[in-house]
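The structure appears below as structure tokens.
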Amino acid sequence: MNRERLKGIITGAALAAAFFSLATVAAAANIRKTIEIAYRDIAIYVDGEKIAPKDATGAAVEPFIYNGTTFIPVRAAASALGKQVEWDAAANAVYIGTRPEQTGFSKSHPASKGESQNVSLVAAGVKGEATVLLSEVLRGDAAMRTLHDANRTTAAPKDGFEYILARFSVSIKDLSEGSVNVNSSLFSMYSGKDVRYTESAPVIAPSPQLSGQLSKGASVEGWVVFQVAKDDAAPKCAFAVAADGIGGAWFTLA
């Protein structure tokens, strides 16, 4: 993203920072304020191209004017910049692009085997942080042999698909209270073209399975099984990703 494009978005719109400030000040003071805003059917153009701002669910969101400042939606501004947006309820923070504690990995730049990531556990329903590491990946015939050795009745994948076995370790760095259930349900599988696989693998992962009720300082290691298209050359998975695909710890399984 060049400076001219960034300048074009910021000029006259106060971009995301102004929007952040309004929300942050109110949150910091823990107050609610009724304000009068003006909707004027404001159009947003980036490099001459009109964009339609939407929220995480795809619903249209209209810019507005308050006290002489034009506010535009954070997600729309970030998308125009080619950045991901993540809301962290635990930290009461909005992240555009890479989170401060992340190591530079993302959906578009997933980590490889042997590379660990720190990730918020908000998507898991708790306030905390975990470190996730991918240590081994088996695909196709190698995965099927391992599954069959563990369970002779393992069903074959559906036509045009094959299994992937991925071995992960998850360590809980911080947790506000209690414990968190870490298991395969916290993983989401995506194709190399960023299309989410909605159908889970109809088989059980071999022992040890990634499963455990973890408190702060505890860890677990084990296998997770996925089912992907045979022609998917670069599948990826995410741990603790939000429903809209934002955030999470991303790993390539290619």
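Scan the range 226-239 for residues that are within 17 Å of residue 112 (Cα to Cα) and aliphatic (A, V, I, L, M) and report the count. So the count comes out to 3. Considered as a group, the residues in the range 78-87 that are in a strand (DSSP E or B) and of a type in the set (A, V, I, L, M, F, W, C) include one that is nearest to residue 120 (Cα to Cα), and that residue is 87.
Residue count for the range 65-77, restricted to those that are out of contact with any Phe, Trp or Tyr (no Cβ under 9 Å at 6 or more places or on another chain), assigned to a strand (DSSP E or B) and among the polar types (S, T, N, Q): 1. Are any residues in the range 243-254 part of a strand (DSSP E or B) and either among the β-branched types (Val, Ile, Thr) or surrounded by fewer than 23 Cβ atoms within 10 Å (Cβ to Cβ) (or both), and if so, which ones? Selection gives 252 alone.
Yes/no matrix, rows are residues, columns are (1) touching a helix residue (DSSP H, G or I) at 6+ places or on another chain (Cβ under 9 Å); (2) within 25 Å of residue 199 (Cα to Cα):
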position: 95; (1), (2): no, no
position: 122; (1), (2): no, yes
position: 130; (1), (2): yes, no
position: 134; (1), (2): no, yes
position: 140; (1), (2): no, yes
position: 143; (1), (2): no, yes
position: 163; (1), (2): yes, yes
position: 174; (1), (2): no, no
position: 182; (1), (2): yes, yes
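Residues of the range 199-218 being of a type outside the set (A, V, I, L, M) and more than 23 Å from residue 120 (Cα to Cα), which ones? Result: 199, 200, 202, 206, 207, 208.
Determine which single condition residue 146 fails, assuming it passes every other condition in (1) assigned to a helix (DSSP H, G or I); (2) at pLDDT below 95; (3) among the hydroxyl-bearing types (Ser, Thr, Tyr). Here residue 146 meets the rest and fails (2). Among the residues of the range 211-242, those that are modelled with pLDDT of 95 or more, assigned to a loop (DSSP other than H, G, I, E, B) and within 20 Å of the chain's Cα centre (by Cα) comprise 234, 235. Would you mind finding the one in 171, 191 that is buried (at least 16 other Cβ atoms within 10 Å of the Cβ), among the small types (Gly, Ala, Ser) and within 14 Å of residue 238 (Cα to Cα)? Every option except 191 fails the conditions. Within the span defined as the range 10-19, one or more residues are surrounded by 14 or more Cβ atoms within 10 Å (Cβ to Cβ), in contact with a Pro (Cβ under 9 Å, 6 or more places away or on another chain), outside any helix (DSSP H, G or I) and modelled with pLDDT under 80.
Scan the range 217-232 for residues that are surrounded by fewer than 15 Cβ atoms within 10 Å (Cβ to Cβ) and either within 20 Å of residue 200 (Cβ to Cβ) or without any contact (Cβ under 8 Å) to a residue 24 or more places away in the chain (or both) and the total you get is 2. Hey, could you check the range 42-64 for residues that are outside any loop (DSSP other than H, G, I, E, B) and surrounded by 14 or more Cβ atoms within 10 Å (Cβ to Cβ) and say which is nearest to the chain's Cα centre (by Cα)? Among those residues, the one meeting the criterion is 54.
The values are calculated or read from the model by the stated rules, or taken from the named source; none is laboratory data. Remember, predicted model here, so these are calculated numbers, not experimental data. Note that we place each Cβ from the backbone using ideal geometry, even for glycine, and neighbour counts take in every protein chain shown.
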